[in-house]
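The values are calculated or read from the model by the stated rules, or taken from the named source; none is laboratory data. Computed from a predicted model, the values in this text were never measured in an experiment. With ideal geometry, Cβ positions are generated from the backbone for all residues, glycine too; neighbour counts draw on all protein chains shown. What goes into the accessible areas is simple: the full protein's heavy atoms, side chains included, and nothing from ligands, DNA or RNA. Shrake-Rupley method; radii C 1.70, N 1.55, O 1.52, S 1.80 Å.
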Amino acid sequence: DAGITQSPRHKVTETGTPVTLRCHQTENHRYMYWYRQDPGHGLRLIHYSYGVKDTDKGEVSDGYSVSRSKTEDFLLTLESATSSQTSVYFCAISESEDRGREAFFGQGTRLTVV
Amino acid sequence: AQSVTQLGSHVSVSEGALVLLRCNYSSSVPPYLFWYVQYPNQGLQLLLKYTSAATLVKGINGFEAEFKKSETSFHLTKPSAHMSDAAEYFCAVSEGFGNEKLTFGTGTRLTIIP
């Protein structure tokens, strides 16, 4: 299994509070991604990173920010959590620019905003 | 933008019967296509991928998929379903060059009837 650790695995938070999810990899892969999974929507890309300090927005980036100060860590921050951000969040990594390279996924973080 | 359509959010088959999960894609460039499987409370695991080599792709656990450009399809099949195949299956297409952003379908939940 690819060395990807997401923390926390479960979190309940209140509306309006900031939340940070962490993704840590031990594979030294260049690319890292944050997806959210919701019923009926599959997985949707929030943000991704193509190197240290190099990040870009995905399909559903509003209300989220990311940071990558080290190759191994990719942080996702919800600036002010809302109930619509209740979801399962997955981090993924991939090795190279080759589009045929598959992405490896973490175990997910289940976030509930009450 | 690339997109993926999975026909049937739920599919039920009897143990030992043929499994057929449908995926159609839209892409402005030659696509790379993937099937991922997700078991309950786990991350996504790659089943197989098409990267412009052979159009019939074999994956893990006895699954295979055939790329048909004329039909813009990449359907997943398995000749004989096993109880352990019960899971959610996602079709995905990679888009752009220089990264591995994946666009996912909405998923198909496969139930196996004993």
Tally of residues being over 14 Å from B:Thr111 (Cβ atoms), out of contact with any Cys (no Cβ under 7 Å at 6 or more places or on another chain) and open to solvent by less than 30 Å² (accessible area, probe 1.4 Å) across region B:10-28: 1
Of all residues in region B:60-101 being at pLDDT 95 or above and of a type in the set (Gly, Ala, Ser), the one that is surrounded by the most Cβ atoms within 10 Å (Cβ to Cβ): B:Ala65
Enumeration of residues in region B:46-69 that are more than 13 Å from B:Tyr25 (Cβ to Cβ) and more than 15 Å from the chain's Cα centre (by Cα): B:Ser52, B:Ala53, B:Ala54
Pick from region A:18-66, criterion open to solvent by 40 Å² or more (accessible area, probe 1.4 Å) and among the polar types (S, T, N, Q), ranking: farthest from B:Glu95 (Cα to Cα): A:Thr20
Among residues of region B:33-72, those that are outside any loop (DSSP other than H, G, I, E, B) and of a type outside the set (Asp, Glu), counted: 22
Test: residue in region B:73-90 that is within 14 Å of chain A (Cβ to nearest Cβ) and part of a loop (DSSP other than H, G, I, E, B): no
